[in-house]
Amino acid sequence: MLTARPTDPAGPLKVALMSCAHTHAVSYAAQLGARAEVDLVVADPDGYGDVRGVRVVSSYEAAWAAWPDGPDAIVVTSANAHHKDLVLEAARRGVHVLCEKPLATNVSDAEAMVAACRETGVVLMTAFPVHFAPAVQALRTAVGDGTLGEVIGLTGTNNGKLPSARDWFTDVELAGGGAMVDHTVHLAEILDSSFGPPAIVHAVTNRILYADRAGEGAETGGLVTLTYDSGMVATIDCSWSMPPDAATWGGLRLQALGTGGQLQIDAFAQHVGGPGQFLPYGTNTDALLLDAFLGAVRDGTAVDPTGDVGLRTVAVVAAAQESVRTGQPVALTTA
């Protein structure tokens, strides 16, 4: 097993984007391919064919071998169930990793990924672009400086369309679940960055919407309730409830109520909209995420959102799934 290799400060970073299965692959490839300081290769073993304008190879093996000494870093955008193998291989080779969320489909896999990267000293970060949204930063600042007083409760919504272009999103084996897996972790990460992990998780799910289009056993609606040691309660509406003809995929909102005031954030408020139109402007959170990752690769030190953050959010989802199974609240246990 190798340890992390230092990067060449005079040359471009060699980056392999592993898989085009996740819809974020198109954006990440466009961002990385446009940067003079990055030499990008994209592996598309499933033949999605919608990443263009950069060097695309047909297998992971070809991506690993695209440079004589291999890549400096990889971006994992495969189906969720395949994250573990790609991350462990990167750790074995001493290659830094940005892994799409959720980090894994279960806690034991996420723990193995974090441990392997820690052992070899490679950077492991989890792809939570919304972490960098100005509205989310405003919430962290307000919580940190006490503007809201004691925060008593939060109500979060991360709704979206049922994924259709990538059927694996609704395949329980490949995705790890349905809407609750897909749309809990973003808000769980935002809450984690301000308040740490919850103590108790309670969740309910259903298949009322779009059951005919979702994979067998994949929930299409859900509500996750998090209770903290302080008594604070947060809820996460994590449903595939947007209509198919909506102008955008969905959105992320969070309302915080404290003894000193309240704050409402909309991570995608920077847009012009109308009937059938959603035109974003302003901050590109994908670009900020990649800035943070590439800087971490150069420095050899991970920054938030780290692999440990990804592990903690996977633990929240796993507790929510256990709560759905038993019908009871579940005490959260994390490494």
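Quick notes
- Filter pass, residue 269 being in a loop (DSSP other than H, G, I, E, B) and either of a type in the set (Val, Ile, Thr) or open to solvent by less than 50 Å² (accessible area, probe 1.4 Å) (or both): no
- Tally of residues being over 30 Å from residue 261 (Cα atoms) and of a type in the set (D, E, K, R) across region 144-189: 6
- Among the residues making up region 301-334, those that are part of a helix (DSSP H, G or I), out of contact with any Phe, Trp or Tyr (no Cβ under 9 Å at 6 or more places or on another chain) and under 30 Å from residue 13 (Cα atoms) are 307, 308, 311, 312, 314.
- Scope region 232-249; condition under 24 Å from residue 152 (Cβ atoms) and open to solvent by less than 10 Å² (accessible area, probe 1.4 Å); matching residues: 232, 234, 236, 238
- Any hit, region 39-53, residues being touching a strand residue (DSSP E or B) at 6+ places or on another chain (Cβ under 8 Å) and at pLDDT below 95: yes
- Residue match in region 87-99 (condition: touching an Asp or Glu at 6+ places or on another chain (Cβ under 9 Å) and not in a helix (DSSP H, G or I)): yes
- For residue 298, the test of being in contact with a strand residue (DSSP E or B) (Cβ under 9 Å, 6 or more places away or on another chain), closer than 30 Å to residue 37 by Cβ and either assigned to a helix (DSSP H, G or I) or modelled with pLDDT of 95 or more (or both) is passed.
- Of all residues in region 250-257, none satisfies being modelled with pLDDT of 95 or more, open to solvent by less than 60 Å² (accessible area, probe 1.4 Å) and touching a Ser or Thr at 6+ places or on another chain (Cβ under 6 Å).
- Filter pass, residue 307 being within 30 Å of residue 124 (Cβ to Cβ) and open to solvent by less than 20 Å² (accessible area, probe 1.4 Å): yes
- Answer residue from region 59-100, given it is in contact with a Phe, Trp or Tyr (Cβ under 6 Å, 6 or more places away or on another chain) and closer than 19 Å to residue 118 by Cα and is surrounded by the fewest Cβ atoms within 10 Å (Cβ to Cβ) among those: 98
- Tallying residues that are open to solvent by 60 Å² or more (accessible area, probe 1.4 Å), without any contact (Cβ under 8 Å) to a residue 40 or more places away in the chain and part of a loop (DSSP other than H, G, I, E, B) within region 26-47 yields 3.
- Residue check, residue 325 free of Cβ contacts under 8 Å to residues at least 40 places away in the same chain and either out of contact with any strand residue (DSSP E or B) (no Cβ under 6 Å at 6 or more places or on another chain) or closer than 24 Å to residue 27 by Cα (or both): yes
- Restricting region 301-335 to residues that are closer than 15 Å to residue 199 by Cβ and not aliphatic (A, V, I, L, M) leaves a set whose member that is modelled with the lowest pLDDT is 334.
- Counting only helices (runs of 4 or more DSSP H) that fall entirely inside region 121-231 and contain at least 1 residues that are of a type in the set (Gly, Ala, Ser), open to solvent by less than 10 Å² (accessible area, probe 1.4 Å) and out of contact with any strand residue (DSSP E or B) (no Cβ under 8 Å at 6 or more places or on another chain), the qualifying elements are 172-175.
- Within region 5-25, the set of residues being basic (Lys, Arg) and either at positive phi or not in a loop (DSSP other than H, G, I, E, B) (or both) comprises 14 only.
- Residue list for region 101-113, filter: open to solvent by 10 Å² or more (accessible area, probe 1.4 Å) and either out of contact with any helix residue (DSSP H, G or I) (no Cβ under 6 Å at 6 or more places or on another chain) or in a helix (DSSP H, G or I) (or both): 106, 107, 108, 109, 111, 112
- Conditions (1) out of contact with any Pro (no Cβ under 8 Å at 6 or more places or on another chain); (2) open to solvent by less than 60 Å² (accessible area, probe 1.4 Å); (3) farther than 27 Å from residue 119 by Cα; (4) of a type outside the set (A, V, I, L, M): number failed by residue 293: (3)
The values are calculated or read from the model by the stated rules, or taken from the named source; none is laboratory data. The model shown is predicted, which means the values in this text are computed figures rather than measured ones. Because the Cβ atoms are built from the backbone with ideal geometry, glycine has one as well, and the counts that use them run over all protein chains shown. Please note that ligands, DNA and RNA were not included when accessible areas were found on the heavy atoms of the full protein model with its side chains. Shrake-Rupley method; radii C 1.70, N 1.55, O 1.52, S 1.80 Å.
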